[in-house]
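The values are calculated or read from the model by the stated rules, or taken from the named source; none is laboratory data. Note that the structure is predicted; figures quoted are calculated from it, not measured. Because the Cβ atoms are built from the backbone with ideal geometry, glycine has one as well, and the counts that use them run over all protein chains shown.
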């Protein structure tokens, strides 16, 4: 793959995470739930990982639950809380939040045209449903547009105007661009996915400060204090722990580096593709994501031409048949369906170089020239 600009979808494992995975897989082969020496050793390692993750996340170790990833963590938070009352989320959440909210008969909070949440409208929403709300879910960074949300402020609003509701944040895209401790302190529930920050796929975290507030989705085991049964993948958890610590230790430097890439890419796009629209422009955004709307073209056509040019990027959600459909995120921002079908997302990592994004901008300009009327 020549130029990879889809880091919001997944990232390769870091060298440190790979090394930790191999070492732990070799040194701790036993099931942590056993009562013999090797199992006790594995459990001690598991407890160590839990403590290290908690230190990064600004919570107690008992609040850290290991899962298969953020999709499971999001579902655990939403569906696990739905028994207590109304669940709600922003209309631009990941489908792992939106789908269980809708399945539970919950509400979606509308967003503005730039993807942001109007605080007056949000306050009115909370006051109107205050007595019924059991959970409100608002993500830290949108996975498609990169729009960032003031989690600490929004969580405070929920506590003030709907004190019976828990506050959940999907922080999947925040790990490489924000300190997590403040999110961990502000939210009752936090979801993470290891493969978004240099850890292995199939491993994640749910921070849940009130264990008794959630009902488990899976029954049949005592692992993770009965909230998430199933034998823990200790090697993956250890690798995730190392990746999490590494990402957060370098978050200031990575944010500065990514900001430079984003600014350069968007300046080039403005010069070479003046018709392009940057989603969320004017509001707070993550420096790791640029989301574009390109009038007169479609995502599918653009991605095909970019792929031919050696550029890996992404669009919105894809339906089961493989045809690219308008993203629910973009539609929720009030973008007309034909324009929404032109969405492209470019997402960067610290492995992305300046020459990578310059070549990508030129390739995008050439692709758009071939397609636009």
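The condition of being modelled with pLDDT of 95 or more and not in a loop (DSSP other than H, G, I, E, B) holds for only one of 159, 228, that being 159.
In summary, residue 225 fulfils each of the numbered conditions (1) more than 25 Å from residue 54 (Cα to Cα); (2) loosely packed, with under 14 Cβ neighbours inside 10 Å with the single exception of condition (1). Using the structure shown, decide if residue 54 is surrounded by fewer than 20 Cβ atoms within 10 Å (Cβ to Cβ), assigned to a helix (DSSP H, G or I), in contact with a helix residue (DSSP H, G or I) (Cβ under 8 Å, 6 or more places away or on another chain) and in the same structural domain as residue 211 (by TED's automatic domain parsing). Criteria met by residue 54.
Exactly one residue out of 279, 342, 299 is closer than 22 Å to residue 93 by Cβ, in contact with a helix residue (DSSP H, G or I) (Cβ under 8 Å, 6 or more places away or on another chain) and outside the structural domain of residue 117 (by TED's automatic domain parsing): that is 279. Kindly indicate whether any position in segment 123-134 is without any contact (Cβ under 8 Å) to a residue 12 or more places away in the chain, surrounded by fewer than 23 Cβ atoms within 10 Å (Cβ to Cβ) and either not in a strand (DSSP E or B) or not assigned by TED's automatic domain parsing to the domain that holds residue 91 (or both). Yes, some residue in segment 123-134 is without any contact (Cβ under 8 Å) to a residue 12 or more places away in the chain, surrounded by fewer than 23 Cβ atoms within 10 Å (Cβ to Cβ) and either not in a strand (DSSP E or B) or not assigned by TED's automatic domain parsing to the domain that holds residue 91 (or both).
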